[in-house]
Amino acid sequence: MAKKYNFYAGPAILPQEVMKKAQAELLDLNGIGLSILEISHRSKDFEAIINAAEAKIRSLLGVPENYTVMFLQGGASLQFGMVPMNLLKGGKADYVHTGEWAKKAIKEAKLFGTVNVAASAEDKGFNYIPGQFHFSADARYVHVTSNETIGGVQWTKFPDTGSVPLVIDMSSDIFSRRIDFKNIGMIYAGAQKNIGPAGVTLVIMRNDLVESCADGLTTMLSYKTHAKEKSLYNTPPCFAIYIIKLVMDWIEAQGGLAAVEKVNEQKAKAIYDAIDGSNGYYRGTAEAKDRSKMNVTFRLPSEELEEKFVNEAKKAGFIGLKGHRSVGGCRASIYNAMDLAGVKALVEFMGKFATENK
Ligand SMILES: *Cc1c(COP(=O)(O)O)cnc(C)c1O
């Protein structure tokens, strides 16, 4: 089988080592004679996996003691609703509107209270991260989207929100770089972009926020339930959690988040340099200062050439370069598991394509 370079936005590339390990263990987990797919979520063997996954998440990300780690379902999209359902309690929240994903979060929050859009990048088609905010004094939280997967813009530094907790949708850049938990009340992320398969959502929430959650919610939609039951109130997505554990092992083996962050910077630089050095043949869609290191969005001189680019790239083994259907153009998603060699191969292809299709 010819090597494929996977640039899909999500579900996305996973480390080969992780999939090989999962394959090798699929029929017999640690010599127990059973598969991870067929054991009880209350068994000692699964307990060891979920505990190890949590411990590694905590140590790699530097999660402070007073935060709870939860493995939920329903994707990041369910979090758009669960966050305001639990935390808003009819009050007000500030949202920074940076694109398609922030928009969906705002829509859901409006069902549960007052939303103040503290800043919006809509004026320029969401090609930048705002730098000035109109925060409300009485907001229960400030919501930001750390990386807009579709628009290709990423926060480098989160706003200082003082005593108001930040709630961050980190679906597409969690574990791509180190983070400072100061100001952070909660992080959530669908796993399928950078840390595992679809089906599990990672939630990390400060304990005082967990305790402050609304009462009287349906059991499964209350963070209190999942915090109290350590993500085992009902059957969790066992296989997806197991893969997250293997991905955490892999990140450890890379040298931890600092090392992963460094490689991600090299990858992003290589591809943006190629765009900027193409004499305008390729045009990055995001303002340079806010360019995403995970999702590189760019255009070619015409839509016809974009289509040709995507098709020829595919024939050459570069998969998933078509931009999101809502914005068009091209997008290369370069999550943790894409190595520098893969990015360099794409850069080479881009150079060749530009020369041949003037
Ligand atoms: C993919 C994505 C989502 C939606 O995730 P689902 O798990 O499909 O619900 C939300 N936010 C961001 C930033 C994303 O990249």
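Of the numbered conditions (1) without any contact (Cβ under 8 Å) to a residue 24 or more places away in the chain; (2) under 17 Å from residue 148 (Cα atoms); (3) of a type in the set (D, E, K, R), residue 293 satisfies every one except a single condition; which is it?
(1)
Restricting to the range 147-188, count the residues that are within 14 Å of the ligand (Cβ to nearest atom), on the phi > 0 side of the Ramachandran plot and not hydrophobic (A, V, I, L, M, F, W, C).
So the count comes out to 1.
Return only the number of the condition from (1) in contact (Cβ under 8 Å) with a residue 12 or more places away in the chain; (2) in a loop (DSSP other than H, G, I, E, B) that residue 204 does not satisfy.
(2)
Answer yes or no: is there a residue in the range 23-30 that is at pLDDT below 95, assigned by TED's automatic domain parsing to the domain that holds residue 184 and not in a loop (DSSP other than H, G, I, E, B). Working first, answer last.
Here is the first cut: in the range 23-30, the residues at pLDDT below 95 are 30.
This time we only want the ones that are assigned by TED's automatic domain parsing to the domain that holds residue 184, so: 30.
Now restrict to residues that are not in a loop (DSSP other than H, G, I, E, B): 30.
There is at least one residue in the range 23-30 that is at pLDDT below 95, assigned by TED's automatic domain parsing to the domain that holds residue 184 and not in a loop (DSSP other than H, G, I, E, B).
What do you reckon, is residue 99 within 16 Å of the ligand (Cβ to nearest atom) and touching a strand residue (DSSP E or B) at 6+ places or on another chain (Cβ under 7 Å)?
On the way: within 16 Å of the ligand (Cβ to nearest atom): yes; touching a strand residue (DSSP E or B) at 6+ places or on another chain (Cβ under 7 Å): yes.
For residue 99, the condition - within 16 Å of the ligand (Cβ to nearest atom) and touching a strand residue (DSSP E or B) at 6+ places or on another chain (Cβ under 7 Å) - is met.
Could you tell me which of the residues 326, 302 is of a type in the set (S, T, N, Q), over 14 Å from residue 267 (Cα atoms), touching a helix residue (DSSP H, G or I) at 6+ places or on another chain (Cβ under 7 Å) and in the same structural domain as residue 268 (by TED's automatic domain parsing)?
Numbers: 302 fails: touching a helix residue (DSSP H, G or I) at 6+ places or on another chain (Cβ under 7 Å).
Just one listed residue meets the conditions, 326.
Among the candidates 157, 224, 193, single out the residue that is buried (at least 19 other Cβ atoms within 10 Å of the Cβ) and of a type in the set (Lys, Arg). Can you show your working first?
Details: 157 fails: buried (at least 19 other Cβ atoms within 10 Å of the Cβ); 224 fails: buried (at least 19 other Cβ atoms within 10 Å of the Cβ).
Answer to the selection: 193.
How many residues does the range 108-123 hold that are in contact (Cβ under 8 Å) with a residue 12 or more places away in the chain and either within 24 Å of residue 295 (Cα to Cα) or of a type in the set (S, T, N, Q) (or both)?
Summing the residues that are in contact (Cβ under 8 Å) with a residue 12 or more places away in the chain and either within 24 Å of residue 295 (Cα to Cα) or of a type in the set (S, T, N, Q) (or both) in the range 108-123 gives 6.
Take the range 80-102 and flag every residue that is assigned to a helix (DSSP H, G or I) and crowded, with 20+ Cβ neighbours inside 10 Å. It would help to see each step written out before you state the result.
Here is the first cut: in the range 80-102, the residues assigned to a helix (DSSP H, G or I) are 80-87, 100-102.
Correct list: 80, 82, 83, 84, 85, 86, 87, 101, 102.
The values are calculated or read from the model by the stated rules, or taken from the named source; none is laboratory data. Please read all numbers here as calculations on a predicted model, not as lab measurements. We place every Cβ from the backbone using ideal geometry, glycine too, and count neighbours over all the protein chains shown.
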